[in-house]
Amino acid sequence: KKYLFPEKFWWGASTSATQTEGAEPGDGKGENIWDYSSRKFNSRFYDGITSERTSTFYKNYKTDIKLMKDIHLNSFRTSISWSRLIPEGTGKINEKAAKFYNNVIDGLIEEGIEPFMNLYHFDMPMALQEKGGFENREVVEAYAEYAKKCFELFGDRVKYWFTFNEPMIPAEAGYLHDRHYPYVVDFKRAAKVLHNIIIAHCKAVKIYRNMKPGGQIGIIMDVIPVYPRSENPEDVKAAEAADLFYTRSINEPVLLGEYPQELIEILREYNQVPETEEGDLDLIKETKIDLLGINYYKPRRVKAKEYEINKNGIFMPEWFFDSYEMPGRRMNRSRGIEIYPEGIYDIALMIKEKYNNIPWFVSENGIGIEGEEKFIKDGMVQDQYRIDFLKEHLQYLHKGIEEGSNCLGYQMWTFIDCWSWINAYKNRYGFYRLDYETQERTVKKSGLWFRDVIDNNGF
Ligand code: BGP
C-alpha cells in the first residue's frame, strides 16, 4: 500500500533551545533552571553533562540549517530561550540574542524551511524561579511581556507560534513528581502552577490576537492515551481517572474553554482546589487557539488499585489508579517505554471527536536509543529500527487522516541528537548523529530515508 499525505504537509523536526543551543557564559545569556540545576545537582543528571555545551546551535546554526536543507525538511520547530532574550526574565533585551534569533529565522526562511517558534520549553529564567516561578502571578505577567516582545521582534516572519511545550510537565515534573527543578512534591502547588501556566498561555494568545501579525498561534500538548487493563468497571474507572488528571485537566480548559467538572469535584472533596483570580475562568473561556501540536511517545496502561491506600499523605492522582506493564508489550528498552504506534491513530480520532477536529500536527514523535554507535557501519548509523518506528507511526497517522482527522504535518523528535533533560546524551533521537566531543555531525540512515519520504510526500 502507498501512504500519500495531504498536499503541503509539514515534514520536519522539532527541538528546543536549552537542548541544542548551549549555554556557555557570554553574549549575555541569563541562567535558566536547567543551567542552574544541571550544574548544581550534577549527580541527578546522566554522566553529569550539563546544558552548557549541547550541540551548540547558538554557534552552529548556519551549519545545522544547511543540514536540515540537505534532508529536505520543510519545517522546523524550536523554542526561544527566555533567559537568552531577557536575561533577568523581565526588563532589558539582550540585543545579541535578538540578533541570533533573527538570523535563525531568516536563515530558515531563506532555505524554504518554515520556522515554528515556541515560547516556553521547560526553561524558566532563574531570576524568575527565585520569585516563585509560575506559582507567582508576577511571573505570569512577565511571561506575557516576554511573549509580546517576541511577537514584536519576530512576528513579521514567524507564522506559527506556540505558547508552551507540554504545559503539564513543568507542573507535574517540577511540583509533584520530583523530576525537574524545584523538585517540589505538593499537589496543590502543582495545580496552581498548571492553572497559572494556562492563564499565561491565554494572555499570550490574547496579546497575539490584538497585535494581528497575520500568523497562527497554538500550544503543544503531550498526550498519553490511556488504556484500561480490562472492561471491568473498576479498571475502566481507573483509566478515566488517569485521563482526567493528566490529559483532560489541561486539554479541556485550553481547547474547550473549561476545566472538567469531575476534576473540580474531586479537588473540592480533597481540599486541593488551587487559588485563582477573578476573571481567570472567563479568560480561559474566551481564548481559542488556531493550531494544536501533539507530542506522542507512549501509551499508559492502567488498572484499578489492588490495595486500599492510606489517604492521609500528600494528595496524588495515583491514589485513583495503578499503571501496569501489559504482558508481551513491545518495549523501547533504552527509554523503558512501550512502543504503540496505534496510539497516534487514537489521538487523531480523539482530536476529531472530542476537540472539534481542530487543525493539528505531530510536533514530536521519535525513538531514543542508547549506544547507537554500535550501529555505525560505513561511517553511518544504520538505524533501521528508527525507520521502522517512524513508518509504523506514519501508517497509523495516515489511517487517522483518511478517517477525517485534520492533521497538517509530522515533525520528528529530533533533528540532531540533543541534550535530554534527564538522560543527557545517553539516548539518541536525531536524524543526524552528534559526536559530542568533536561536535561533528553525520546523517543517519533514517535522515536519508526521511528525505525520500518528503520528496514523495509519503512512502
Ligand atoms: C518530550 C520533550 C522533549 C524531549 C522528549 C524526549 O517530552 O518535549 O523536550 O526531551 O520528550 O524525552 P527524553 O529526552 O526524556 O527521552
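Since every read-out is calculated from the coordinates, none of them should be taken as a lab result. None of the values given here were measured: they were computed from a predicted structure. Ideal geometry is used to build each Cβ from the backbone, glycine not excepted, and the neighbour counts take in all protein chains shown.
For segment 74-209, the calculated P(r) over all alpha carbon pairs, in 10 Å bins from 0 to the bin holding the longest distance, is 13, 43, 31, 12, 1 percent. Give me the dipole magnitude in Debye, nearest 20, for segment 57-198 about the Cα centre, with unit charges on the beta carbon: positive for Lys and Arg, negative for Asp and Glu. The calculation lands at about 120 debye.
Residue by residue, segment 316-327 carries 3J(HN,Hα) couplings of 9, x, 5, 5, 9, 7, 10, 8, 8, 9, 5, x Hz when phi is fed to the Karplus relation 6.51 cos²θ - 1.76 cosθ + 1.60 (θ = phi - 60°); x denotes Gly or Pro. Using Cβ point charges alone (K and R +1, D and E -1), the dipole size of segment 102-151 about the Cα centre works out to roughly 240 debye.
What ranking, highest mean first, results for peptides 207-219, 424-436, 266-278 when packing means the other Cβ atoms within 10 Å averaged over each residue? Walk me through the numbers before you get to the answer.
Details: 207-219: 16.6, 424-436: 21.0, 266-278: 13.2.
Order by mean packing, descending: 424-436, 207-219, 266-278.
Can you say what percent of the DSSP beta bridges in the chain, counting only those with both residues inside, are antiparallel? Round to 5. If you can, show how the numbers build up before the last one.
Working: 14 of 49 bridges.
Here the share of antiparallel DSSP bridges comes out near 30 percent.
Along the axis of the charge dipole computed for the chain (Cβ charges of +1 for Lys and Arg, -1 for Asp and Glu, origin at the Cα centre), the listed residues 107, 124, 412 are led at the positive end by 107.
Counted by neighbouring Cβ atoms within 10 Å, the residues 265, 135, 114 run from fewest to most as 265, 114, 135. Only DSSP H runs of four or more residues enter the estimate; each adds -39500 (n - 2.57), and after division by the residues of the chain the mean residue ellipticity at 222 nm equals -11500 deg cm²/dmol.
Sequentially through segment 113-125, phi angles give Karplus couplings (6.51, -1.76, 1.60; θ = phi - 60°) of 10, 6, x, 10, 10, 9, 8, 8, 10, 6, 10, 4, x Hz, Gly and Pro residues having no value and appearing as x.
Each residue in 454, 351 was given a count of other beta-carbon atoms within 10 angstrom of its own, and listing them fewest first yields 454, 351.
Expressed as a rounded percentage, what relative contact order does segment 303-383 have, with Cα pairs under 8 Å and six or more residues apart?
Working: 39 pairs, mean separation 15.3, N = 81.
It rounds to 19 percent for segment 303-383.
Scaling against 2.2 N^0.38 Å puts the C-alpha radius of gyration of segment 74-129 at 1.22. Put simply, the C-alpha atoms of the chain give a gyration tensor, and the ellipsoid matching it has half-axes of 31, 28, 23 Å, longest first.
Report, in debye and to the nearest 20, how large the dipole of the chain comes out about its Cα centre when Lys and Arg carry +1 and Asp and Glu carry -1 on their Cβ.
Working: 61 positive and 71 negative charges, 180 e Å.
That gives a dipole near 860 debye.
What are the membrane-span-like helices in the chain by this rule: whole DSSP H runs, Cα extent along the axis at least 30 Å, mean Kyte-Doolittle hydropathy at least -0.5? Spell out each step's value before the answer.
Values: long enough: 187-211 (36 Å, 0.21).
Span-like helices, by this rule, are 187-211.
Highest average first, the peptides 369-376, 71-78 ordered by how many other beta carbon atoms sit within 10 Å of their residues are 71-78, 369-376.
Find the relative contact order for the chain and round it to a whole percent, using C-alpha pairs within less than 8 Å whose residues are 6+ positions apart.
On the way: 882 pairs, mean separation 84.9, N = 459.
Normalised by residue count, the contact order of the chain is 19 percent.
Taking max minus min of the alpha-carbon positions on each principal axis, segment 1-141 gives extents of 53, 35, 29 Å, largest first.
Amide hydrogen proximity for residue 409: with H placed 1.01 Å from N in the peptide plane, the residues at 5 or more positions away or on another chain lying under 5 Å are 10, 362.
The alpha carbons of segment 145-207 occupy a box of 41, 19, 16 Å along the principal axes, longest dimension given first. The Cα-based radius of gyration and maximum Cα-Cα distance (Dmax) for segment 401-459 are 14.6, 47 Å.
In summary, the lysines within cross-link reach of residue 288, defined as a Cα separation below 18 angstrom excluding same-chain residues under 8 places away, comprise 148, 159, 203, 206, 212, 352, 354.
Counting only the Cα atoms, segment 287-382 fills a convex hull of 203 Å³ per residue. Multiplying each eigenvalue of the alpha-carbon gyration tensor of segment 361-450 by 5 and taking the square root yields semi-axes of 26, 14, 10 Å, largest first, rounded to whole angstroms.
All Cα-Cα distances of segment 194-280, cut into 10 Å bins from zero to the largest, leave 14, 38, 30, 13, 4, 0 percent in each bin in turn.
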